[in-house]
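The values are calculated or read from the model by the stated rules, or taken from the named source; none is laboratory data. Note that the structure is predicted; figures quoted are calculated from it, not measured. With ideal geometry, Cβ positions are generated from the backbone for all residues, glycine too; neighbour counts draw on all protein chains shown. Calculation scope for accessible area: heavy atoms of the full protein, side chains included, ligands and nucleic acids excluded. Shrake-Rupley method; radii C 1.70, N 1.55, O 1.52, S 1.80 Å.
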Amino acid sequence: MGGPLQEILQGRGGKKRTGPWIKKGAPLFFLISTWLALLIDFPFKQPILWFALSLVTAILLTSLHIKSSRKDFSIEFLFSLALVLSGIAKAYAVPWLKLAFFPFIIGMSVFYGMGTIITLSFLLPFLELRTFLSLNDVIHEVAFSVFLILTAVISPLIMNTLKREKEQAVSSLKLIKESARNIADDTESASVRSDKIMSHYFASMMKTDEELRELLSTLKHAVFADAAYFFAQRGTGFFLRCTTESNSENIITGNGIIAKCFADRTPFSSPEIDEKTVEVGYIKDGKITSLIAFPVMDGSTLLGVLTVDSARYQAFSDADRNIVQMFIPQIVKALERERIYPRIQRDYDGLKTLHEESAKLVSSLNTDVIVKKLCEGASTIAASSAFFFISKKKKFQLIHHTGTEDISEKVFDLKGTFLSMVVENRQPIYMSDTSDYRIPIMPFKFENVHSVFALPMLYETSIIGVFVLLSEKTGFLDTFQVELLKVLCNQASTSIANAQLHSEIEKMATTDGLTGLFNHRVFQEKLSEELKRLNRFSETISLMLVDIDFFKKINDTYGHPVGDLVLKNVSKVVEQTIRDIDIPARYGGEEFAIILPRTDETAAENIAERLRKAVEEKSFIAQGKTFNITVSIGIATAPSNAKGKEELIDKADQALYFAKQSGRNNSVLWNVLK
């Protein structure tokens with residue numbers, strides 16, 4: 001893809017590509033002519049002629065660029081726009097207009113890739129070639145060019161980072177919702193034969209293809225490939241199991257390089273492939289010029305072939321080859337769990353139990369609920385006492401157990417116990433007989449333990465908890481039950497990680513990042529809910545607006561970090577002073593809003609005064625000085641003062657304004673204004 005300038009700058013304009021030059025010569029001729037005319041001051045000497053030429057060039061390249069669906073002529077199109085801008089600067093003798101190139105570069109980075117933007121930034125200094133050759137103000141032009149190129153490098157990086165974060169957040173939420181929906185759909189198919197039930201269960205439980213797709217996507221970006229593929233064996237041939245190319249059709253020929261990799265179990269790598277003479281094994285929309293293919297082996301067992309390809313010549317280096325090889329163990333690991341299920345068919349009742357219990361794990365996005373269902377499900381698979389410890393930095397908190405013991409302490413350091421081995425090794429351990437084991441099993445006293453199964457709950461590279469089963473019997477688990485528990489805990493790990501991610505995203509969306517209180521949007525929603533409840537139950541509700549006095553002076557005197565510290569501490573005072581049923585929020589700037597359900601004017605004024613005094617007594621230290629702050633509070637009550645939400649907020653705001661006008665550091669009911 002790309003126009004002639006792109007092919008020249010990327011070193012791709014060899015003999016094989018001379019054909020496109022004939023077709024693209026006309027627009028290139030217009031572009032170079034316009035540029036040369038700019039260098040000899042045509043915009044100043046012959047403005048009408050030059051602007052006519054530049055507009056024709058820009059219109060021609062724009063139409064060609066749009067016609068190719070923005071695949072070709074991107075550099076030429078953008079450079080023609082830059083020519084027009086530079087010509088305007090020269091025609092009207094306004095050299096400062098060149099500064100517009102910076103927002104131009106930043107804006108275009110939203111629509112074009114890093115390669116296009118950086119190439120354009122290297123071309124823009126050629127607009128001032130005459131200045132460079134005449135040695136007039138060279139330092140200024142060099143500095144301008146360097147900063148322009150830096151802008152071109154940094155802008156796409158920032159855009160790509162923001163896009164990735166957004167896509168990851170959207171993808172995570174989508175997976176969370178689809179996971180619960182898929183399990184629910186499968187559970188309804190109770191009349192399907194046992195082999196189909198197992199097939200549905202595998203698809204929803206393991207989601208191996210999703211894991212493979214994520215690995216392939218990561219690999220594709222790691223080696224800058226056009227696409228990545230995983231081919232699996234089927235009979236004497238192979239089929240495409242997973243690919244990063246979701247929107248294109250791929251034709252599998254069943255022969256060529258991929259078939260040879262399957263047959264010989266040896267890797268293949270070539271920096272230059274001629275598809276007319278060499279058969280790859282699959283056909284795609286674009287060209288395949290560079291290719292790496294590796295057999296995916298689990299010991300002596302061939303699982304498939306992993307490939308990456310590119311339309312670029314010499315696209316992959318030896319380092320890229322090593323990177324591809326590094327991904328093979330991860331793919332083997334993703335397929336490993338899937339391969340154990342033929343053995344599970346010997347006991348369909350156990351599999352049915354696993355299906356039912358794991359379905360419960362994805363039906364909730366609440367960690368406590370998931371853990372409770374995990375413990376109950378594990379106890380169904382094997383009669384025992386289940387315990388779940390969730391990771392809390394270097395310690396672990398017991399959040400649920402099915403034992404009969406009364407355990408008062410909840411947070412433990414696992415060092416010196418059997419569980420510390422599980423955490424350190426990150427591997428499940430089953431000890432069928434603990435009679436000769438001298439180290440404590442649990443971080444608390446537990447009687448009559450004769451066998452134990454402990455498993456670290458892992459998600460990606462992080463340990464999110466430890467799951468433990470204790471039994472009074474020796475050898476309470478067989479191999480089959482151990483495998484069932486591993487799969488169940490694996491699903492629980494994913495569900496807990498999803499729940500934690502959902503909780504974090506929900507917290508980010510509903511709370512103020514600085515104070516931790518509800519944000520303005522949630523405040524509006526909560527107030528609407530409380531007013532609806534007011535209409536149903538004929539209760540009262542009060543609203544307090546709290547404003548920090550002379551907050552601007554604090555920022556001006558001590559700096560914004562101290563101002564942020566004041567806001568955090570005031571928010572803590574608010575949370576400590578109000579009741580559990582009250583709803584605090586950051587209203588904006590240095591202003592807070594507090595919803596007081598079932599509270600009349602008198603009670604609201606008492607709470608306001610208690611809050612005002614608590615803030616007044618709070619001391620702050622900055623730059624070696626101690627200072628105190630005060631707040632002003634406005635209060636309004638519904639339905640006595642207002643019938644609707646907007647009216648209630650307006651009345652509280654009027655009371656706050658009066659409190660500040662009447663000397664600050666006081667609380668005012670709207671009633672006194674009537």
ask   = If amide H atoms are built 1.01 Å from N in the plane of the peptide, which residues on other chains or at least 5 residues away come under 5 Å of the amide H of VAL631?
value = ASP549, ASN665
inquiry  = In whole percent, and with a 1.4 Å probe on the protein chains, what portion of the accessible area of region 395-477 is carbon and sulfur?
reply    = 46
query = Out of residues 5 or more away from THR515 or on other chains, whose amide H comes under 5 Å of its own, with H placed 1.01 Å from N in the peptide plane?
reply = none
key: Accessible heavy-atom area order of GLU447, GLU405, highest first, probe of 1.4 Å   = GLU447, GLU405
message = Need one number: nm distance between label points at LEU99 and ALA52, each 7 Å from Cα along Cα→Cβ, rounded to one decimal.
response = 3.5
request  = Could you order VAL466, VAL562, VAL153 by accessible surface area, starting with the largest, using a probe radius of 1.4 Å?
outcome  = VAL153, VAL562, VAL466
request  = Keeping all protein chains in place, calculate the accessible area per residue for region 387-538 (probe 1.4 angstrom), answer in Å².
outcome  = 53
query = To the nearest Å, what is the center-to-center distance of region 218-297 and region 446-490, using C-alpha atoms only?
reply = 41
request  = State, to one decimal in nm, how far the label point of PHE620 lies from the label point of ILE154, with both points 7 Å from Cα in the Cβ direction.
outcome  = 3.1
remark   = Amide H proximity to TYR282 below 5 Å, modelled H, separation 5+ or other chain, gives THR253
ask   = What does the accessible area of GLU504 come to, in Å² to the nearest 10, when a probe of 1.4 Å is used?
value = 110
note = Mean Cβ-within-10 Å packing, highest first, puts peptides 77-89, 524-536 in the order 77-89, 524-536
ask   = Label points 7 Å out from Cα along the Cβ direction at LYS568 and ASP556: separation in nm?
value = 2.6
query = What figure in square angstrom, to the nearest 10, would you give for the accessible area of ILE595 with a 1.4 Å probe?
reply = 0
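Can you tell me the order of 634-640, 659-665, 29-35 when each peptide is scored by its average per-residue count of other Cβ atoms within 10 angstrom, highest first?
634-640, 29-35, 659-665
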request  = Can you send over the solvent-accessible area of ARG213, 1.4 Å probe, protein chains only, in Å² to the nearest 10?
outcome  = 110
ask   = How would VAL546, VAL142 rank on accessible area, largest to smallest, probe 1.4 Å?
value = VAL142, VAL546
message = Just to check I understand the Karplus step: with θ = phi - 60° and J = 6.51 cos²θ - 1.76 cosθ + 1.60, what whole-Hz values come out for region 210-219, glycine and proline as x?
response = 5, 5, 4, 5, 5, 5, 5, 5, 5, 4
query = What FRET efficiency do you get for LYS410 and ALA319 if R0 is 41 Å and r is their Cβ-Cβ distance, rounded to the nearest 0.05?
reply = 0.25
